[in-house]
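What follows draws every value from the coordinates through simple rules; no lab data is involved. No experiment lies behind these values; they were computed from the predicted model shown. Note that each Cβ is placed from the backbone with ideal geometry, even for glycine, and that neighbours are counted across all protein chains shown.
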Amino acid sequence: MTSVLEWEATSNPVKENRAGIIGKAVDRYEGPLKVTGTAPYAYEVTPPSPAAYGVMVSATIARGRIAAIDAAAAEASPGVLLVWSHENVPEQGPRPPLYDFFTPFPRPALQSDRVYFFGQQVAVVVADTLENAQAGADLVKVTYEADSQAVDFHAHRHEATEPDSPPEFQLGNREMGDFAAGFAAAPVRIDDVWRTPLQNHCQMEPCAATAWWEGDHLTVHCSVQTVRRNQIALAATLQIPPENVRVLTRYVGGGFGGKSAFYEDTVLASLAARALGRPVKVAFSRQQMMHGTIHRPATEQRVRLGATPDGRLTALSLMTTTHCDRRGFFTEFSSLFVRNLYAAPNRLTGHSVVKLDLPVAGALRAPGEASGTLSLEVAMDELAEKLGIDPVELRIRNEPEADPETGKPFSIRQLVRCMREGAQLFGWDKRNPKPGQVRDGRWMVGLGMAAAIRGNILFPASASFTVDADGVITVRQGMTDIGTGAYTVLAQIAAETLGVPLGDVRVEIGDSELPPAPGSGGQFGAASAGSAALAAGMNLRKAIAELASNDPASPLFGGPAGQVTFQDGVVAIANRSERLADLVRRAAPDGLTAMGEVSPAADSGDWSSHTYGAHYVEVGVDTVTGEVRTRRMLGVFAAGRIINRKTARSQLTGGMIWGVSSALTEGNLVDPRYGSLINQDLAGYMVPVQADIGEVEAIMLDEVDDKANPMGIKGVGELGISGAGAAVANAIYNACGARVRDYPITPDKILAALG
Amino acid sequence: MRPFTYERATDAQAAVKAMAEHPNAKFLAGGTNLLDLMKLEIEHPAHLIDVGRLPLAAIEDTAEGGLRIGAMTTNSHVAADARIRSRYRVLTQAIVAGGSGQLRNKATTGGNLLQRTRCAYFYDTAKPCNKRHPGSGCGALEGLNRNSAIFGASDACIATHPSDMAVALVALDASVETLTPWGEGRRFPVAELHRLPGETPQIETRLAPGELITAVVLPRPPQGGQVYRKVRDRASYAAGLASVAVAGGNLALGAVAHRPWRADKAEAALKSGASPGEAIAAELAGAAQNGRNGFKINLVARLVPAALEEARANGRDA
Ligand SMILES: Cc1cc2nc3c(=O)[nH]c(=O)nc-3n(C[C@H](O)[C@H](O)[C@H](O)COP(=O)(O)OP(=O)(O)OC[C@H]3O[C@@H](n4cnc5c(N)ncnc54)[C@H](O)[C@@H]3O)c2cc1C
Ligand code: SF4
């Protein structure tokens, strides 16, 4: 196994960046296809023969059983080919009793008469056209016997217990020093409770699948964030060998954590395609997405801060209570990041979970940090005010020398620099610390800031690189691009590594038959997939160099392979050179392929490695109506080497915008009588629109984290949202003096706080 | 969505005739509301009569110094009309406060008036709703009904009418012109178009079944300034939490009742010299809250004086 010290010490083409392709603002590889509507998403893929269409029927109770299903009318409806429920769906692999969204367990559909949550899929109607399937689905009559249900988080949160997730998740309580004594002894204290609501992903593209069989081999295009794990899970569900299943996901219209695994659409399309002997498409409706896929659960977070009058934290605690479905163990880990953020001798963090009869809880947009910063980073603002210390200065005073709980050295930590540069660029010194002092017409104007932190992970990944007789490099990898820029970043790494122009690189991803990569999520994509790509590129360089030095017809013949350089499509040793295409065409006309892989270094765990940032926000609060509009946002981020300034900036600003919505508009409410969510479409579930967002800018510091991976890059996908909402909340307070600790901060809550 | 038949009407008389001939038929204009409701199984017409291309898409001057707006004019077209922008700015402001650019390009004047409530329980067929399914009960009554009516609600229905345009029309004393299924032309104030829910929230207007809206007529604009203010959870593409249209001395409120709410008590108080705050307090004396929508009373109390002041300033500038 390698060591991070080796990574640190070894140079490579990405680090050297001779052609300057790394770090450039390169346009999206697949952009032209997307904007011309020619990038087929899962549901739009054209199968080899005409497809049938499946429409699912969803449960209308939260807990109980299906007493009867009357499918007669649906079966008799024009064009209907089959109607399945638990009574007649083909056998599938069993779901484990305690169920985890991440592991590739079987995920059977329509398994029994039990209803575990409102909106669970209970039947599917497949017909010759989508319209006939919809008409048929409306004719399926389901009768339920409802059981008593527990769905109201705030009514049941006192029943919360320690999470039953695996111990390595470290979600249980962790105390350092003596928190209770430290807090009691602190001269200045904050002790408040924040609430964050259940949130839905609201991807533009609902989950969907197009499936067909050739013999006993299944091909399924579906909208997922990772292919290999879903190939395994789908094979286990269908009880066939994984090599008989090909999962493809070329383009994904947003994942946000909600598409880590497939849902019933994929299973039912696959089963129905087999039963009917023709391709089948199944999609979730927008309404079905809300209940039928995972969500971020609501949280209640208690923050306690104790400090000395000069602003040193002596006690620090964030305790999270959240909820999960009865068969799962996902825990929104809002307290975890606190263990890495600020110094304090006495510390207490942990989580407790109550199991409810609600849809499945899971990962959504930076699970943990996105919700947790909404409390802690506001509490820090409250503490700063109480102490009469500037919020930036307060954070700087509590900057740790090493990881505050493990004592491990930081791989690199530039949080303070992010805060300082942000403050200067934003004009933070013009902020009046006293709330309610600045007016602009009918608006009260305020400034707020918050720190951002998000972890850094490297997962094992592999890739293959091929050079063909035209000198074109093809990257092949079982990676996904969920709208983030993965295609483009892989093309850049390939171009820089092999010294070819970007136009001479092809990228093929989103296919389970390609060398496996972890996919997209947890901001681990570019680092993991990209490092494997670099390794494959280095191996291909070696193969090309050897080809040249062993080929008597090459001007490089006999030269030391180790000294071959790659630039502008030309291979050279000193002043002996030839075009890469000429070499390959002559010496390896069928092309050359090399594999590469990466896995975490043996000593990766010896460093505390994170991404950091600082958010600055200016809001206006309408003095009459309590409406809030963000006027200006600036984020300054330190996230390792940036491969593509354009796609990275889009990731960061996109995250910041999600931060605005988590502060101001986003969230779903559970009607406790039905166990159902109130907002079921994008008119009711409020994600921000263009008019909500004023100026927004993301700045990326020059940084290299040489201990993170061979390229020194880290992720940016989830950093932008972390802390952004807290900065909005702090700006609201600065504008008008309203502290609303129950998100989202809607006009009614502001008016109530203003009195 | 259920199968349905479709025809395109060529003139208004033919449209109402087709309606009389088909049981369970509906007019289709821009379709921005009706088609959504059909897809969600909330409405299931067996037949659609597309009136979208009827020659009712002009905005004409009337002999009385006002404007006649054809029922098929799109919301975008009306909002952009130079005469409306200069003389009826409250109408332009109200229209552009609604929906999104794409919706306004499709939405028609007639369809906008007849759009149905945005009540979340109305939209979920798994829930009881007297409007969707008379007699099934009102899911919202004891539910998450933050955006429900504070005026004129009943135990059968607490929904609000979501149109912004209609609020401005009521403040402008506009009228609707219709063609009945028996071929008669009618005209009455927009303020009398929508009903309060009472025991029959499924009956939303005083139109006869199959009656076609052909135009909206604006009288000469009232003396004094105009303004439309809408409060919402996000800056665009959101139903109002409350809105107010001021046109001279006329005042109408939106998102507070099952119909645009003409605030005549407040108007009367203003005429007799009350301050804006006192005037809206007189109106709000008749408001009732249900535990979750109480903030609207405070909101309207704050919003209306601010809007009156803005309208007054607009009147001075004009
Ligand atoms: C997501 C979303 C957000 C929206 N937000 C807002 C908002 O903030 N403010 C707002 O005001 N509106 C809003 N709207 C509503 C939008 O304005 C209406 O959908 C639109 O005005 C309806 O017009 P249409 O021509 O498309 O009507 P259609 O959908 O075609 O018809 C609506 C109804 O009117 C009937 N009808 C249509 N024309 C006539 C006629 N001439 N005579 C008799 N009956 C007729 C139809 O039979 C149908 O019942 C929103 C809509 C959506 C989908
Ligand atoms: S308020 Fe009206 S529309 Fe809403 S559920 Fe009740 S009856 Fe239906």
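Overview of values
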quantity: Amide proton proximity set for A:T299, modelled H, under 5 Å, gap of 5+; calculated: A:T196
quantity: Antiparallel bridge percentage (DSSP; both residues within chain A; nearest 5); calculated: 75
quantity: 3J(HN,Hα) from dihedral phi, the range B:31-43, Karplus parametrisation 6.51/-1.76/1.60, rounded to Hz, x for glycine, proline; calculated: x, 5, 9, 4, 5, 4, 5, 5, 4, 8, 6, 8, 10
quantity: Span per principal axis, largest first, for the Cα atoms of the range A:419-566 (Å); calculated: 80, 34, 26
quantity: For residues of B:93-100, the mean tally of beta carbons on other chains within 10 Å; calculated: 1
quantity: Equivalent ellipsoid dimensions for the range A:186-259 as semi-axes, Å, which come from the Cα gyration tensor, largest first; calculated: 41, 15, 9
quantity: For A:T611, distant residues with modelled amide H under 5 Å away; calculated: A:R454, A:G455, A:N456
quantity: Convex hull volume per residue for the range B:221-318, taking Cα atoms only, in Å³; calculated: 107
quantity: Within straight-line cross-link reach of B:K265, lysines at Cα separation under 24 Å, skipping those fewer than 8 residues along the same chain; calculated: B:K230, B:K296
quantity: Between the range A:514-551 and the range B:143-166, the Cα center-to-center distance that results, in Å; calculated: 60
quantity: Net charge of neighbours whose Cβ lies under 11 Å from the Cβ of A:L218, counting Lys and Arg as +1 and Asp and Glu as -1; calculated: -1
quantity: Chain A, relative contact order [Cα under 8 Å, separation at least 6], %; calculated: 17
quantity: Stokes-Einstein translational diffusion, the range A:220-269 - Kirkwood Rh over all Cα pairs, 1.567 mPa s, 4 °C, in µm²/s; calculated: 119
quantity: Per-bin percent of Cα-Cα distances, the range A:616-720 [5 Å]; calculated: 2, 11, 17, 16, 14, 12, 10, 8, 5, 2, 1
quantity: Viscosity 1.306 mPa s, 10 °C: Kirkwood-radius Stokes-Einstein D of chain B over Cα pairs, µm²/s; calculated: 80
quantity: Peptides ranked, highest mean first, by Cβ atoms within 10 Å: ranges B:298-307, A:301-310; calculated: B:298-307, A:301-310
quantity: DSSP-loop GluC sites (Glu not before Pro) across the range A:365-458, with at most 10 other Cβ within 10 angstrom; calculated: A:E401
quantity: Inter-chain Cβ neighbour average for residues B:119-127, partner chain, 10 Å; calculated: 5
quantity: Whole-number D in µm²/s for the range B:81-225 (Stokes-Einstein; Kirkwood sum over Cα pairs; 4 °C, 1.567 mPa s); calculated: 78
quantity: Total formal charge among the other residues, if their Cβ is under 10 angstrom from that of A:T406, Lys/Arg +1 and Asp/Glu -1; calculated: -1
quantity: Most fluctuating residue given options B:G135, B:G225, B:G277, as computed from a GNM of chain B linking Cα atoms under 10 Å; calculated: B:G135
quantity: For the range B:148-276: Kirkwood Rh in Å [reciprocal of mean 1/r, alpha carbons]; calculated: 15.6
quantity: In order through the range A:246-254: 3J(HN,Hα) via Karplus (6.51 cos²θ - 1.76 cosθ + 1.60), integer Hz, x for Gly, Pro; calculated: 10, 9, 10, 8, 6, 9, 10, x, x
quantity: Chain B - percent relative contact order, Cα under 8 Å, separation 6 or more; calculated: 17
quantity: Computed [θ] at 222 nm, deg cm²/dmol, the protein assembly as shown (DSSP H ≥ 4; -39,500 (n - 2.57); rounded to nearest 500); calculated: -8000 deg cm²/dmol
quantity: Equivalent ellipsoid dimensions for the range A:397-458 as semi-axes, Å, which come from the Cα gyration tensor, largest first; calculated: 34, 12, 11
quantity: Backbone HN-Hα couplings from phi across the range A:291-307 [Karplus 6.51/-1.76/1.60, Hz, Gly and Pro as x]; calculated: 9, x, 10, 6, 9, 7, x, 5, 9, 10, 10, 9, 10, 10, 10, x, 9
quantity: Spatially proximal lysines relative to A:K34 (Cα-Cα < 19 Å; intrachain offsets below 8 disregarded); calculated: A:K646
quantity: Relative counts (whole %) of C-alpha pair distances in the range A:489-611, using bins that are 10 Å wide; calculated: 12, 38, 28, 16, 5, 0
quantity: Cross-link partners of A:K542 among lysines (Cα-Cα below 20 Å; sequence separation of 8 or more within a chain); calculated: A:K15
quantity: Chain A - Rg over Rh from alpha carbon coordinates, Kirkwood radius; calculated: 0.99
quantity: Charge tally in the Cβ shell below 11 Å around A:V57, where Lys, Arg are +1 and Asp, Glu are -1, A:V57 excluded; calculated: -1
quantity: Other-chain or far-sequence residues with amide H under 5 Å of A:D511's (modelled H); calculated: A:T249, A:M479
quantity: Debye equation applied to the C-alpha atoms of the range B:6-67, log10 I(q)/I(0) at 0.13, 0.26 Å⁻¹; calculated: -0.43, -1.05
